[in-house]
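Visitor: First the structure, which I've put down as structure tokens, then a few questions once you've had a look.
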Amino acid sequence: MVGRELWAFLFMIGFLVFNWPFLEIFSDFLPYFLFGVWGVFITAVYLVIQVTERKGKKNV
């Protein structure tokens with residue numbers, strides 16, 4: 001999975017995690033869930049950017 005597929009996968013995971021069923025499951029400690037998942041999501045976006053930049057430099 002590289003490039004567009006990785007971004008689409010990350011978008012779908014983000015969409016599912018921040019959607020109603022997960023928010024309802026973790027409603028007792030919702031602020032902690034939101035901050036934790038948001039931090040993991042930002043880290044995942046950073047890692048995807050790093051991987052795609054390295055693959056782009058290898059192809060040049």
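The values are calculated or read from the model by the stated rules, or taken from the named source; none is laboratory data. Predicted model, so just to flag it, every value in this text is computed and none were measured. Please note: Cβ atoms are built from the backbone with ideal geometry, for glycine as well, and neighbour counts cover all protein chains shown.
Visitor: Find all pairs meeting these conditions: Cβ atoms under 7 angstrom apart; at least six residues apart or on different chains; first residue within the range 29-45 and touching a residue at least 12 places away in the same chain (Cβ under 8 Å); second residue part of a helix (DSSP H, G or I) and surrounded by 10 or more Cβ atoms within 10 Å (Cβ to Cβ).
Guide: That search, which allows pairs on different chains as well, returns 37/17; 41/14; 44/10; 45/10.
Visitor: Here's a follow-up. Residue 2: among the aliphatic types (A, V, I, L, M) and modelled with pLDDT under 90, yes or no?
Guide: Values: among the aliphatic types (A, V, I, L, M): yes; modelled with pLDDT under 90: yes.
Against the criterion (among the aliphatic types (A, V, I, L, M) and modelled with pLDDT under 90), residue 2 qualifies.
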